[in-house]
Structures are given as structure tokens and as C-alpha cells.
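These notes concern the structure reproduced below.
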Amino acid sequence: MPSLIEIFPCDGLLPVSEGGVTLSELAQERITSVAPFAGKEVAVGKALKALGLGWPGPGKAVAGEGRLCLWTGRDQAFLIGAEPEGLAGIAALTDQSDAWARMRLEGEGAAAVLTRLVPLDLGAAAFPVGHAARSGLGHMAMILHRSGAQSFEIMVFRSMAASAVHELHQAMTALAARAAL
């Protein structure tokens, strides 16, 4: 029988740091897509509350004790870091754990790095802590979550992990070089 080896999407690529900004890989955690069945939105909210979370409004995330419920589209959220207990039968559940690479970009210039690649206003007033968006990262689809004043969690399809690391590292390097002038 073959021996399976767990390989992280950014294995050997991260962490990288430039100009006070660091890009690192987040731990592999369970990611479950949750889409409430018609008329079951309140029940889904109660089940998430039992997990210490809640249903996120559009463009938001609800965090609690190492868990996250992240808005990913109309009537859809990703439950990250928690088993989907109590959600069977009231929501369509899809395990997305192997589909995504998760990274954290943090440091004083993190928003400036992302601004080179993301077509969103990432200023603290327009995109404060707890906000989430589906957008592009250069040529790739991405889910972005502002997890702290100077930190962002980035999710890209696992197959695009190396490209995302390359693009982000290039932007980090360019900003660091500009600051050094």
C-alpha cells in the first residue's frame, strides 16, 4: 500500500520577508463550504452560534477561538478550522480543505503590497479588520480577509499557490526597493 505524505501547497516557498512585510503559509485546517437550504438560514445561524461563530454578512467574517466563518458569496460562507457540527440537513456542505492554499501577509506595508495586485480599496476605512472579499490577485481568483490592522489572510486555489507566492514576493521586493531609494 502506498504511503501518503502530506504536502502543504506552499511547501518550500514560504515564508518570505521583504521591507518589513512577511508572507507565510497558514496551517492546513478544515474548510467547509456552507450554503443554507431555502428557509434554513435561521437554523444555520443557530448551529454556527453553537460553534461560537455566526453567519457573516456580505463582505464580512466572524471569528472565534481559532475558527472563522468567512463570507464567500451570496448565501455562501466558508467555515474554517471547525467541524460543521449541527449543519447537516440544513445546509449544503462541501469539504474544500484540499482545494485552497492559505497565506498570511503581515507587516506595516502589507496593504501597499496588495494594492499592487488587488483592485480593491484596502485602506483601513474602506476595508477594516473583519472584512472579506472575493477578488482577483493579479490574474488569479482569491478570497481576502483582513485579519488584523496590518495583516491579511489570502486564499487562492491550491494549483495557483506558487504563482500567488511569486506575484506577492515580487510586489514585496518592488516596494522594499522603492523605500530604499
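Taking Ile90, Ile80, Ile31 as the candidate residues, the one with maximal mean-square fluctuation in a Gaussian network model of the chain, Cα springs under 10 Å, is Ile90. Solvent-accessible area of the chain (1.4 angstrom probe, protein heavy atoms only): carbon and sulfur portion equals 54 percent.
Per residue, the solvent-accessible area of the chain (1.4 Å probe, heavy atoms of protein chains only, all protein chains present) comes to 51 Å².
Using the empirical formula 2.2 N^0.38 Å as the baseline, the Cα radius of gyration of the chain reaches a ratio of 1.08. Using C-alpha pairs below 8 Å separated by at least 6 residues, the relative contact order for the chain is 25 percent. Among the GluC sites (Glu not before Pro) within the range 69-162, those in coil by DSSP and having at most 12 neighbouring Cβ atoms inside 10 Å are Glu85, Glu108. A Gaussian network model of the chain, with springs between Cα atoms under 10 Å, assigns the largest mean-square fluctuation among Gly12, Gly59, Gly148 to Gly12. Distant-in-sequence amide contacts of Leu137, defined by a placed amide H-H separation under 5 Å and a gap of 5 or more residues or a different chain, comprise Met142. Accessible area per residue was computed with a 1.4 Å probe on protein heavy atoms; Thr115 scores about 80 Å².
Report the charge-dipole magnitude of the chain in Debye, nearest 20, computed about the Cα centre from +1 at each Lys and Arg Cβ and -1 at each Asp and Glu Cβ.
480 debye
What does the charge add up to near Val113, with Lys and Arg as +1, Asp and Glu as -1, over the other residues with Cβ less than 13 Å from its Cβ? My count for the surroundings of Val113 gives -1. Relative to the longest principal axis of the Cα atoms of the chain, helix 161-180 runs at roughly 40 degrees.
Taking only alpha carbon atoms, the range 40-141 gives an Rg to Rh ratio of 0.99, where Rh is the Kirkwood radius. Electrostatic bookkeeping for Met142 treats Lys and Arg as +1 and Asp and Glu as -1; over the other residues with beta carbon under 12 Å from its beta carbon, the sum is 0.
Seen against the Cα atoms of the chain and their longest principal axis, helix 41-50 is set at about 70 degrees.
Relative contact order of the range 38-143, taken over Cα pairs closer than 8 Å and 6 or more residues apart, is 22 percent.
Could you put Met160, Met142 in order of accessible surface area, largest first, with the 1.4 Å probe and the full protein assembly present?
Met160, Met142
The values are calculated or read from the model by the stated rules, or taken from the named source; none is laboratory data. Keep in mind that this is a model prediction, so the values were computed, not measured. Virtual Cβ from ideal backbone geometry, glycine too; neighbours counted across all protein chains shown. Remember, those area values only see protein heavy atoms, side chains included, never the ligands or the DNA or RNA. Shrake-Rupley method; radii C 1.70, N 1.55, O 1.52, S 1.80 Å.
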